[in-house]
Amino acid sequence: MKAVICGAGIAGLALAHQLGRLGWDVDMVEKAPGPRPQGYMIDFFGAGYEAAEAMGVLPRFRELGYTLSGASFVDTDGRQRASIDYGQFAGLLGGKLLSIMRPDIELALREHLPESVAIRYGTSVAAVEDEPDGVRVALTDGSTVAADLLVGADGIHSTVRALVFGEESHYVRQLGFHTAAFVFDDPVVREAVAGRFCLTDTVGRQMGFYGLRDGRVAAFAVHRTRTHGAPLPEDARAAVREEYGSLGWVAPSALAACPPHSEIYYDQVAQTRLPRWSRGRTVLLGDACYAVSLLAGQGASLGIAGAYVLADQIGTMEGQVAQGAAAEEHGLDGALARYEQVWRPVVEEKQQVARQGTRWFLPESRTRLWARRAAMRAARVPGVDRLVAGAVTGKPTELAELRAAGDASRTPRAQGRSVSR
């Protein structure tokens, strides 16, 4: 069996890993010229943590991760106004939490790819043609690939989704924020943020900073847009400097050291919502079909977990067909349907939590800023901490429960094989 995966980001790499272990040949295409260095520090937890453990990549994630004491919200003079204790938060998650840069997650996944997976950078999908038992994919380098499955794992601005499902505007819901991330050198700022994630305790716009092991500082920024769905700026550096120029503490130093446009990650904060995730032998994965946005804080986790669920359904269905089940019901088409049936309720709940959290994530008034501080203080109280964490992260998701849901929805015939169960 052969798959073409468009997008060599977290979700695409995770699926390539699992399909390769199932014995598939996988061609990955990525329009970027190489691995992308830009990205945030993220708190990695949830179903993706379990999936990474089952895939065998979690130890490498831990090696590349960071130990942070917590998140501090500071005023213009650097005084802490509110905080989150990572130790307490990790305890609520059973210790299954780590802080890691998004590019490092991709690095670990690339390092663990089976030999049957090939990555072509500087290449994307140009056209898609359905065939009776597969799909023919024309690539931007002029070549054509015949495959059993095409996967669009190419993010919110998915090319595959546009070609197969239609215009981006039909499926992408803007949440009224723009965000940016970049890395810079400043020893004074590095010392000020050492060992913790520091964020400005501000209204309408916010910057966050954390030190990297190579001595540099990573910066994160988010602001409310004046016009809903405002277009992206042509010069990200100029836009960042203008938007966040009023912030105090270390923000002026960070903005002075802000790198050129090409070295800045800059995008809208949005969610993707589609009525269906597959059409023929094309299926979408990760942000291409269920972006939850940075407001939910679980995009990487859900990308890996979704890839795990999809590969698990494919492996199980292949096993059923091998044991004599009807191919039309239990083959690849059935696996794609089961993947969506099992995984869609999970991500829709996370999307709802993110939309509900827009008020506290970046307060739009002093009153709401004070309310957020009060909620963080209350979160230190045993019992209340679980309520606050639940409001922020949503319902816990166990891989075992997802497998059970998938098994329950099938006929009581042989359940076949799966990968990394």
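The values are calculated or read from the model by the stated rules, or taken from the named source; none is laboratory data. These figures come from a predicted structure and were not determined experimentally. We place every Cβ from the backbone using ideal geometry, glycine too, and count neighbours over all the protein chains shown. Accessible surface is based on the protein model in full, side chains and every heavy atom, while ligands, DNA and RNA are left aside. Shrake-Rupley method; radii C 1.70, N 1.55, O 1.52, S 1.80 Å.
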>> Residues to consider are Asp235, Asp154; find the one that is in contact with a strand residue (DSSP E or B) (Cβ under 7 Å, 6 or more places away or on another chain), of a type in the set (Asp, Glu) and modelled with pLDDT of 95 or more.
In response: Asp154
> (1) touching a residue at least 60 places away in the same chain (Cβ under 8 Å); (2) of a type in the set (A, V, I, L, M); (3) exposed (fewer than 13 other Cβ atoms within 10 Å of the Cβ): which one isn't true of Ala256, the others all being true?
Replying inline: (1)
> Filter region 335-357 for residues that are among the small types (Gly, Ala, Ser) and either surrounded by fewer than 22 Cβ atoms within 10 Å (Cβ to Cβ) or at pLDDT below 75 (or both); which is nearest to Met1 (Cα to Cα)?
Replying inline: Ala337
> Quick one: Gly166 ticks every box in (1) within 26 Å of Asp333 (Cβ to Cβ); (2) free of Cβ contacts under 8 Å to residues at least 24 places away in the same chain; (3) outside any loop (DSSP other than H, G, I, E, B) bar one, so which box is it?
Replying inline: (3)
>> Test of understanding: among Arg136, Arg161, Arg120, which residue is surrounded by 21 or more Cβ atoms within 10 Å (Cβ to Cβ), touching a strand residue (DSSP E or B) at 6+ places or on another chain (Cβ under 7 Å) and basic (Lys, Arg)?
In response: Arg161
> Out of all the residues in region 38-52, which are open to solvent by 20 Å² or more (accessible area, probe 1.4 Å) and among the aliphatic types (A, V, I, L, M)?
Replying inline: Met41, Ile42
> Just to be sure, is Leu22 more than 14 Å from the chain's Cα centre (by Cα), free of Cβ contacts under 8 Å to residues at least 24 places away in the same chain and more than 22 Å from Tyr265 (Cβ to Cβ)?
Replying inline: no
>> Quick check on region 53-70. Is at least one of its residues of a type in the set (Asp, Glu) and either open to solvent by less than 40 Å² (accessible area, probe 1.4 Å) or modelled with pLDDT of 90 or more (or both)?
In response: yes
> Here are some conditions: (1) more than 19 Å from Gly211 (Cα to Cα); (2) part of a strand (DSSP E or B); (3) of a type in the set (Gly, Ala, Ser). Gly94 meets all but one. Which one does it not meet?
Replying inline: (2)
> Which of (1) touching a Ser or Thr at 6+ places or on another chain (Cβ under 6 Å); (2) surrounded by fewer than 18 Cβ atoms within 10 Å (Cβ to Cβ); (3) small (Gly, Ala, Ser) does Gly245 not meet, given it meets every other one?
Replying inline: (1)
